[in-house]
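First, the structure itself, so that you have it in front of you.
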Amino acid sequence: MNKSRIIVALDFSAAEPAFDLVSQLDPQLCRLKIGKELFTATGPQLVERLTHDGFDVFLDLKFHDIPNTVAKACKAAANLGVWMLNVHALGGKRMLHAAREAIPQNTTKLIAVTLLTSMDQNDLNDIGLQETPEQMVYRLATMTEDCGLDGIVCSALEAGSLRQHVKSDFHLVTPGIRLEQNNTDDQKRIATPQAAINNGADYLVIGRPITQADNPLRTLQQLNQTLEVNN
Ligand code: C5P
């Protein structure tokens, strides 16, 4: 059984480079995240092929629409055999409940994005929201848990305090991970894999530190080993 906490972000614009990378990986050693760019370019066939090849796929499409539409989209995603999928918590309680009802517990993992980390106080004010980004994240995380979803996406730096507020089996999925030797690329608030786990993260979304590594498989093996030995 796959015990890896690492979700490799397949941030590619076409199927070929994605398969090129995936052919170097092992479904027992990681999971894969497919986002809007790759999914829009390649369609569901890519998801079906990767799940058929034994990979756990996190379909990161961040659904946000009226409850009925989101419920149906979630169902369609789950029918592709994905391991995890997500919606926007900002869609509201009724939308989250509808998504949960469409995806029974203990099947596909259903998580929510709270507030996009790209949004700051000015962005919130622009759309008429007066709370701070931190307050919004807590409010939306709690609401997501209350609606019975399985977890949230959050920054590794927020994970520590969020972990105090949510149940131990509520998944915290954290991007913005960098190894000590990496440059930060365009990420601003980063954490090392170990720091993210220490803060209570369950799964780490890692893109370029693995996809751009000289040897992606070796990097993945080393990461898994470090996390296994220390936790
Ligand atoms: O290459 P890198 O490790 O920065 O990739 C991180 C992945 O996590 C990308 O797919 C990015 O879109 C996603 N992500 C993020 N920050 C968020 C939410 C998602 O970096 N707040």
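With the structure loaded, tell me whether E134 is over 22 Å from D60 (Cα atoms), open to solvent by 50 Å² or more (accessible area, probe 1.4 Å) and within 20 Å of the chain's Cα centre (by Cα) or whether it fails that test.
In short, yes.
To continue, here is another question. Please go through segment 152-187 and pick out each residue that is open to solvent by 60 Å² or more (accessible area, probe 1.4 Å) and either of a type in the set (F, W, Y) or more than 10 Å from the ligand (Cβ to nearest atom) (or both).
L157, Q164, H165, K167, S168, D169, E180, Q181, N183
Every residue, every condition in (1) buried (at least 19 other Cβ atoms within 10 Å of the Cβ); (2) within 23 Å of I66 (Cα to Cα); (3) of a type in the set (V, I, T), yes or no:
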position	(1), (2), (3)
A102	yes, yes, no
T108	yes, yes, yes
T114	yes, yes, yes
L124	no, yes, no
I127	no, yes, yes
D150	yes, yes, no
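If you don't mind, another one. Within segment 190-221, can you find the residues that are near the ligand (Cβ under 9 Å from one of its atoms) and open to solvent by 20 Å² or more (accessible area, probe 1.4 Å)?
I190, R208, T211, Q212
Can you tell me which residues in segment 72-100 are open to solvent by 70 Å² or more (accessible area, probe 1.4 Å) and either in contact with a strand residue (DSSP E or B) (Cβ under 7 Å, 6 or more places away or on another chain) or not basic (K, R) (or both)?
Across segment 72-100, the qualifying residues are N79, L90, H97.
Would you point out which residue out of Q24, Q45 is surrounded by fewer than 17 Cβ atoms within 10 Å (Cβ to Cβ) and not in a helix (DSSP H, G or I)?
Among Q24, Q45, only Q24 is surrounded by fewer than 17 Cβ atoms within 10 Å (Cβ to Cβ) and not in a helix (DSSP H, G or I).
Kindly list, by first and then second residue, each pair from a residue in segment 189-202 that is closer than 9 Å to R5 by Cβ to a residue that is among the hydroxyl-bearing types (S, T, Y) and surrounded by fewer than 20 Cβ atoms within 10 Å (Cβ to Cβ), limited to pairs with Cβ atoms under 9 Å and residues at least 6 apart or on different chains.
Sorted first by the residue in segment 189-202, then by its partner, the pairs are P193/T226.
Does D146 meet the test of being more than 11 Å from the ligand (Cβ to nearest atom), under 16 Å from the mean Cα position of the chain (by Cα), open to solvent by 10 Å² or more (accessible area, probe 1.4 Å) and within 22 Å of I111 (Cβ to Cβ)?
It is false that D146 is more than 11 Å from the ligand (Cβ to nearest atom), under 16 Å from the mean Cα position of the chain (by Cα), open to solvent by 10 Å² or more (accessible area, probe 1.4 Å) and within 22 Å of I111 (Cβ to Cβ).
The values are calculated or read from the model by the stated rules, or taken from the named source; none is laboratory data. For clarity, every value in this text was computed on a predicted model and none was experimentally measured. Quick reminder, even Gly has a Cβ in these numbers, built from the backbone with ideal geometry, and neighbours come from all protein chains shown. Side chains are part of the model used for accessible areas, which takes the heavy atoms of the whole protein and leaves out ligands, DNA and RNA. Shrake-Rupley method; radii C 1.70, N 1.55, O 1.52, S 1.80 Å.
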